[in-house]
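One structure is given here, and the rest of the page talks about it.
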Amino acid sequence: MSEVTVEGLEAQLEELAEIVTALTDKQDQRIEGLEQALAALRDGIGGLACRGASGAGEVPRPQPWTARATPQQWSELADWVDWLHAHYQPQGEYRLPPCWPYHPGAAEELAGLQASWKAAMLAAEQSDDNGDQALYWHDRYLWDTLIRANRVIPNACRNTGHASPRELPPTDRTGLPQVNGQPGAAPATW
């Protein structure tokens, strides 16, 4: 049998202390990483809560692009529409009059078209142009959306210059189902 010495036990004890210290340090690093991840998750959830409903139990209401877009986003959209016109040179029913920003329905259509263009072009780039994303965007979105955007712009805008859209009368609410003896709910503000 081997003889156990005090020096040998002390060396083993020091080695064991070093192992415990190393494990403790690793555990502390893991805990710190988890705490940082938890803080980031809380911040993300807090940001979502701020963007959601303002009151408990309140259903969030979507906002149209024209109501939530910043001046910078409007400017980017105008630049993109100008690029679109220069690049494709649309004619007839596809060409937008320069007053399109005054027509919210046209701006909504164009903002959606721009967003879908960005997504398609990024997908095409990421696939090294081996996919059909760009072709699909041209076929599915470009021309039909330009026609729809033009449908909400008065013909006078194309012929004689901008004409303010005429306000349509509100919905006749007497035809709505009755709720507690009253016609349907008051109009919502979107």
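Extents of region 53-135, largest first, come to 47, 35, 23 Å (Cα atoms, principal axes, whole angstrom).
Note: relative contact order over the chain, using C-alpha pairs below 8 Å and six or more positions apart, is 18 percent. Region 154-176 and region 67-135 have Cα centres lying 24 Å from one another. Each principal axis of the Cα cloud of region 79-182 was evaluated for its coordinate range; sorted largest first, these ranges are 62, 41, 20 Å. Relative to the longest principal axis of the Cα atoms of the chain, the long axis of helix 71-88 lies at roughly 70 degrees. The apolar share of the surface of region 135-179, taken as the fraction of accessible area on carbon and sulfur atoms (1.4 Å probe, ligands and nucleic acids excluded), comes to 54 percent. Looking at the chain, the accessible area is 77 square angstrom per residue; that uses a 1.4 Å probe and ignores ligands, DNA and RNA. Mean-square fluctuations from a GNM of the chain, with a 10 angstrom spring cutoff on Cα atoms, peak among Thr21, Thr171, Thr70 at Thr21. In the chain, the calculated helix contribution to ellipticity at 222 nm averages -19000 deg cm²/dmol per residue, counting -39,500 (n - 2.57) for every DSSP H run with n ≥ 4.
Comparing mean-square fluctuations of Ala78, Ala124, Ala107 from a GNM of the chain with C-alpha springs under 10 Å, the top value falls on Ala124. For the chain, a Gaussian network of Cα nodes joined below 10 Å ranks Arg151, Arg30, Arg61 by mean-square fluctuation, and the top entry is Arg30.
Viscosity 1.306 mPa s, temperature 10 °C: Stokes-Einstein D of the chain from its Kirkwood Cα radius, in µm² per second? Intermediate results must be reported in sequence, preceding the final value.
Numbers: Rh = 23.4 Å.
Translational D for this selection: 68 µm²/s.
The values are calculated or read from the model by the stated rules, or taken from the named source; none is laboratory data. All values reported here derive from a predicted model rather than from experimental measurement. In case anyone asks, the SASA skips ligands and DNA or RNA and just uses the protein heavy atoms, side chains included. Shrake-Rupley method; radii C 1.70, N 1.55, O 1.52, S 1.80 Å.
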